[in-house]
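All of the numbers you see were taken from the coordinates with simple rules; none came from a lab. Model, not experiment: these values are computed from the prediction. Note that we place each Cβ from the backbone using ideal geometry, even for glycine, and neighbour counts take in every protein chain shown.
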Amino acid sequence: MLEELFNAVRDAGFSGLAAYYTLIMTGALAAAVMIYLKTDKINCENKVKRRVYVAFIAAGAVGFFCSNAFKWFFIPNSFDFPFFERVLRSGFTFFVGMLTFFGSALLILKLLKQNAGFWVERAVPPVAAFNAISRVGCIFLGCCGGIHIDADFFGIRLEHFPVIEIEIAVMTVLFFILADRKKRNVKNKLFWYLLVYCVLRFFLEFVREDRGAHSLAGLNVPQLIALSVLAVLAASLIINYAKTKKLFKEKTPPPPVNG
Ligand SMILES: [Zn+2]
């Protein structure tokens, strides 16, 4: 029954492509609405809010473009095709889109002289939701799946390692933890989200079907990106620790000499 429904939706257009794009757009729309509502609730000047909206819209555009453009370099003969055909053939990489979205949002908000860290924190749960929803699109398209296995998991036969299902489950849980329900207020959301996503992605890449060519020490491109982001997170922790523990002591000025 469920399988029939799934197949019907998938075959409704271009063997899953329509469902794939619909879910990406649904995820993006849900995230945009959540960011709008979160921003709207904050008590501040309308001028500030307008700048925040502009920053997030621009960052969203940058993220979407980069998530597509990054793939141009990894699809054979990609540059032989005219621009729009190349865009359509390339699909999207969530990882690069997510990183460039956060990066450009921080940068644009800084340029607009806003408290970038404060506002970007509010966009983290919506991105986790987008992450989970758009991955459902991958199930319909049949991309980003796990390697072939033949296993029995509590009576459910698994033909592929459930890479996408694991990502959807983890991101759904993370969304509810970060979404500040029941007056819980998780600090450093961007840090936690990036930490969880990069660790998860690093390990899931070992069992992904589209693993691609190993590029360095047996690691593929997403794994190298994940390690780079984790290195940045570690550096930020060390810097933060050093600051709070005053490891880099500022030289105390000598006491004033009387006379
Ligand atoms: Zn996919």
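Things worth noting here:
- Listed residue (Ala169, Ala55, Phe203) projecting farthest to the positive dipole end of the chain, Cβ model: Ala55
- Within the listed set Lys47, Lys245, Lys113, the residue fluctuating most in the Gaussian network model of the chain (springs between alpha-carbon atoms under 10 angstrom) is Lys245.
- Taking the square roots of five times each eigenvalue of the Cα gyration tensor of the chain, the equivalent ellipsoid has semi-axes of 38, 23, 20 Å, listed largest first.
- Between region 173-244 and region 106-168, the alpha-carbon centres lie 12 Å apart.
- The chain, relative contact order in percent, only Cα pairs under 8 angstrom and at least six apart counted: 18 percent
- Choice from Phe161, Phe83, Phe175 with maximal GNM fluctuation in the chain (Cα, 10 Å cutoff): Phe83
- Near His160, the amide H atoms lying under 5 Å from its own belong to Ile149; only residues 5 or more places off or on other chains count, and H is placed 1.01 Å from N.
- Between 0 and 90°, nearest 10: helix 116-141 axis offset from the chain longest Cα axis: 10 degrees
- Note on Leu29 and Lys49: the extension gain reaches 5.3 nm, defined as 0.36 nm multiplied by sequence separation minus the Cα-Cα distance.
- Choice from Asn43, Asn68, Asn185 with maximal GNM fluctuation in the chain (Cα, 10 Å cutoff): Asn43
- Point-to-point label distance, Asn7-Ile149, nm (Cα→Cβ direction, 7 Å offset): 2.5 nm
- Value of Rg/Rh across region 95-141 [Cα atoms, Kirkwood radius]: 1.10
- Full-extension gain in nm, Leu158 to Phe191, via 0.36 nm per residue minus C-alpha separation: 8.6 nm
- Under 27 Å, Cα to Cα: Lys pairs in region 14-235, sequence gap 8 or more or different chains: 29
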